[in-house]
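Structure record follows, encoded as structure tokens.
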Amino acid sequence: MTLLALTAAQAAEQVRAGELAPAELWEAYRERAAADELNAFLWVADEAPASPADDAPLAGVPFAAKDLFCVRGVPSQAASRILEDYRPPYTATVVEQIVAAGAPVLGKTNQDEFAMGSSNENSGFGPVLNPWDRSRVPGGSSGGSAAAVAAGLAPWAIGTDTGGSIRQPAALCGVVGLKPTYGACSRYGMIAFASSLDQAGPLTRDVTDAALLFSAMVGKDHCDSTSVAFPEAVRRPRAEDLRGIRLGVPEELTSEAEGLEPGVRENFEATLRLAEELGAEVEPTRLPHAAHGLSAYYLIAPAEASSNLARYDGVRYGLRVEADGDLVDMYSRTRAAGFGPEVKRRIMLGTYALSAGYYDAYYGRAQRVRTKIAEDFAGAFERFDFVVTPTSPTVAFPLGARTDDPLAMYLADYCTVPMPLAGIPAISIPNGLSEGLPTSFQIAGPAFSENRILDAAYALEQAIGFDGSVPR
Amino acid sequence: MLDRSEVLHVARLARLRLTDEEVERMSRELSKVLDHIEKISELDLEGVPPTSHVVDVPGGLRADEPRPCLSREEALASAPAVAEGGFEVPSPGL
């Protein structure tokens, strides 16, 4: 069990020091992943990987990839029945980079279908259970990755974040989740949801692991023209205090936030006091349009999704439902059979928002709100280094509690949607328990400020001393 | 408010065959979501430019040079139906 108690960075150090055999590490995690009782994994590797190179930065520490990352020859289904057992002919760039840095793929993790959801209940393969309480959701959409890391079924994992899909499940499972700046990591080979928002990032046990995994993910990729070269090396975080750091607390996402639970609020305020003890200046600020983030998000993301998901038509890959009728009849029956209810809902919403007569009122307006949200953040960053909020307004909720009310489910993303709309990075770190379940603290900074965010998160993490050891 | 005929129109555009029960549910659920979203119509957005992309990417152009790509066999390997080295589909019925 001591092996499982190591963080990924500690395991990597032991491998490099010759104290731990990568094969032993692989076998220990492979066994745990294969015996998964949380439905966190949709596929687990059975072939042992080649030994890592001596100087490989990730030193053979295996990682789990959210199902929507294409991996050559391995089921990559975005947890959708329309892609059941689809095995792509190529591998996503971020997966290739992580593998090249010495970390083999341990398995593919469950998620909300096409990353649409905040609870994992929209998976075509059944929901993931929260390891802290199996009657509750792990969050979503990267719920399998978050649950796998929290339960010690994987040393670390990657996910994607469009409106909170890394940070919110990380929050609900008591792990660290980083949503990078838009463009920092290639989207090539990531099954697309909303292309102007989607971004890959790490889910890890601690902030140091997040920095280490993230360092292998960044870079410009000629296969993704929206990717950009990360302007500096990703550093291992070392800050011990927050002296000289100014934290802005946006009232719209904290004191005025809809549905913020008292326990979440208490822990948030306790973390702010800790930050002050570490030398930070903490002051209220305003993001006047942040409260409209959800509205803008639930127009822009479904609009882009309705276009991206047009490719699932029963022609080139995936499910086909044969029909007696014509081509359109085949399309319509295939899509009706292959997509789950939430994906259909979002395709409908997006198609409506883009349809003749409604485009300006909905999609066009949402894009203007997006500009205002980005301007709000830019204004805040003139006075503050970071904007901080709770990550999720609530702790993990019971399975089934919100499935009949799409709007209530969407409110789970209230504190996380404004950042991707502005393209800026944000991290979620656990900051305590409420009702025995993890709560979380979110730190958002300007584009490409990941090193500074990781430093601040590290200093806070040391001061908080969160015990993430759920029964493993 | 999205009524039954609008739901059916949008479903046709989206190439989604919906059951009567789904049409009923979409109308109810989407109307509720749209009511919430309508709040953005209260904002004064006169003269605000739209944002479609958040990061300035200096010219996405690169040299147009041939590179290895998927073979025909690999590209067709996952297709539900293949004919004469291409994707086979039902008649468009025109």
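One line per residue, one yes/no per condition, for (1) at pLDDT below 95; (2) away from chain B (no Cβ under 14 Å):
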{"position": "A:Gly379", "(1), (2)": "no, yes"}
{"position": "A:Phe397", "(1), (2)": "no, yes"}
{"position": "A:Asp405", "(1), (2)": "yes, no"}
{"position": "A:Met409", "(1), (2)": "yes, no"}
{"position": "A:Thr416", "(1), (2)": "no, yes"}
{"position": "A:Gly423", "(1), (2)": "no, no"}
{"position": "A:Ser428", "(1), (2)": "no, yes"}
{"position": "A:Asn431", "(1), (2)": "no, yes"}
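Look at B:Val82 and say whether it is at the interface with chain A (Cβ under 7 Å from one of its Cβ atoms), of a type in the set (A, V, I, L, M, F, W, C) and free of Cβ contacts under 8 Å to residues at least 24 places away in the same chain. Walk me through how you get there before you give the answer.
On the way: at the interface with chain A (Cβ under 7 Å from one of its Cβ atoms): no; of a type in the set (A, V, I, L, M, F, W, C): yes; free of Cβ contacts under 8 Å to residues at least 24 places away in the same chain: yes.
For B:Val82, the condition - at the interface with chain A (Cβ under 7 Å from one of its Cβ atoms), of a type in the set (A, V, I, L, M, F, W, C) and free of Cβ contacts under 8 Å to residues at least 24 places away in the same chain - is not met.
State all residues of segment B:85-94 that are more than 8 Å from chain A (Cβ to nearest Cβ), in a loop (DSSP other than H, G, I, E, B) and either among the hydroxyl-bearing types (Ser, Thr, Tyr) or more than 17 Å from A:Gly325 (Cα to Cα) (or both); if no residue qualifies, say none. Step through it out loud before you land on a result.
Quick first cut of segment B:85-94, residues more than 8 Å from chain A (Cβ to nearest Cβ) only: B:85-86, B:88, B:94.
Restricting the remaining residues to those that are in a loop (DSSP other than H, G, I, E, B) gives B:85, B:88, B:94.
Correct list: B:Gly85 only.
When segment A:62-78 is examined, which residues are found to be touching a strand residue (DSSP E or B) at 6+ places or on another chain (Cβ under 7 Å), over 22 Å from A:Lys220 (Cβ atoms) and of a type in the set (Gly, Ala, Ser)?
Those that are touching a strand residue (DSSP E or B) at 6+ places or on another chain (Cβ under 7 Å), over 22 Å from A:Lys220 (Cβ atoms) and of a type in the set (Gly, Ala, Ser): A:Ala64, A:Ser76.
Inspect all residues belonging to segment B:23-44 and state whether any of them is in a loop (DSSP other than H, G, I, E, B) and either at the interface with chain A (Cβ under 7 Å from one of its Cβ atoms) or at pLDDT below 95 (or both). Please lay out each step first, then the result.
Initial filter on segment B:23-44 (in a loop (DSSP other than H, G, I, E, B)): B:43-44.
If we keep only those that are either at the interface with chain A (Cβ under 7 Å from one of its Cβ atoms) or at pLDDT below 95 (or both) as well, we get B:43-44.
The answer is yes, given that some residue of segment B:23-44 is in a loop (DSSP other than H, G, I, E, B) and either at the interface with chain A (Cβ under 7 Å from one of its Cβ atoms) or at pLDDT below 95 (or both).
Of all residues being surrounded by fewer than 24 Cβ atoms within 10 Å (Cβ to Cβ) and of a type in the set (Asp, Glu) in segment A:115-169, which is nearest to the chain's Cα centre (by Cα)? Just the residue, please.
A:Glu121
Is it the case, given these coordinates, that A:Glu304 is in a loop (DSSP other than H, G, I, E, B), more than 7 Å from every other protein chain (Cβ to nearest Cβ), out of contact with any Asp or Glu (no Cβ under 7 Å at 6 or more places or on another chain) and not hydroxyl-bearing (Ser, Thr, Tyr)? Reasoning before the result, please.
Numbers: in a loop (DSSP other than H, G, I, E, B): no; more than 7 Å from every other protein chain (Cβ to nearest Cβ): yes; out of contact with any Asp or Glu (no Cβ under 7 Å at 6 or more places or on another chain): yes; not hydroxyl-bearing (Ser, Thr, Tyr): yes.
Spelling it out, it is not the case that A:Glu304 is in a loop (DSSP other than H, G, I, E, B), more than 7 Å from every other protein chain (Cβ to nearest Cβ), out of contact with any Asp or Glu (no Cβ under 7 Å at 6 or more places or on another chain) and not hydroxyl-bearing (Ser, Thr, Tyr).
As an exercise: evaluate A:Tyr317 against (1) facing chain B (nearest Cβ under 7 Å); (2) part of a helix (DSSP H, G or I); (3) touching a residue at least 40 places away in the same chain (Cβ under 8 Å) and give the number of the one condition it does not meet.
Evaluating A:Tyr317 over (1) facing chain B (nearest Cβ under 7 Å); (2) part of a helix (DSSP H, G or I); (3) touching a residue at least 40 places away in the same chain (Cβ under 8 Å) leaves (2) as the failure.
What residue, among those in segment A:333-350 that are within 7 Å of chain B (Cβ to nearest Cβ) and crowded, with 24+ Cβ neighbours inside 10 Å, is nearest to A:Leu83 (Cα to Cα)?
Going through the qualifying residues, I end up with A:Arg335.
Determine which single condition A:Gly364 fails, assuming it passes every other condition in (1) closer than 22 Å to B:Glu29 by Cα; (2) modelled with pLDDT under 95; (3) within 8 Å of chain B (Cβ to nearest Cβ).
The failed condition is (1).
Based on this model, can you work out whether A:Val282 counts as surrounded by fewer than 23 Cβ atoms within 10 Å (Cβ to Cβ), modelled with pLDDT of 95 or more, more than 8 Å from chain B (Cβ to nearest Cβ) and assigned to a loop (DSSP other than H, G, I, E, B)?
Numbers: surrounded by fewer than 23 Cβ atoms within 10 Å (Cβ to Cβ): yes; modelled with pLDDT of 95 or more: yes; more than 8 Å from chain B (Cβ to nearest Cβ): yes; assigned to a loop (DSSP other than H, G, I, E, B): no.
Judged against the criteria, A:Val282 is not a match.
Out of A:Ala310, A:Ala291, I need the residue that is on the phi < 0 side of the Ramachandran plot and modelled with pLDDT under 95. Which one? Quick ask: steps written out before the conclusion?
Numbers: A:Ala310 fails: modelled with pLDDT under 95.
A:Ala291 is the lone residue from the list that is on the phi < 0 side of the Ramachandran plot and modelled with pLDDT under 95.
Can you confirm whether segment A:223-242 contains a residue that is under 19 Å from the mean Cα position of the chain (by Cα) and either in a helix (DSSP H, G or I) or among the small types (Gly, Ala, Ser) (or both)?
yes
Would it be correct to say that A:Leu253 is surrounded by 16 or more Cβ atoms within 10 Å (Cβ to Cβ), of a type outside the set (Gly, Ala, Ser) and at pLDDT below 95?
Details: surrounded by 16 or more Cβ atoms within 10 Å (Cβ to Cβ): yes; of a type outside the set (Gly, Ala, Ser): yes; at pLDDT below 95: yes.
So A:Leu253 passes the test.
The values are calculated or read from the model by the stated rules, or taken from the named source; none is laboratory data. Keep in mind the model is a prediction, meaning the values are calculated, not measured. Cβ atoms come from the backbone with ideal geometry, glycine included; neighbour counts cover every protein chain shown.
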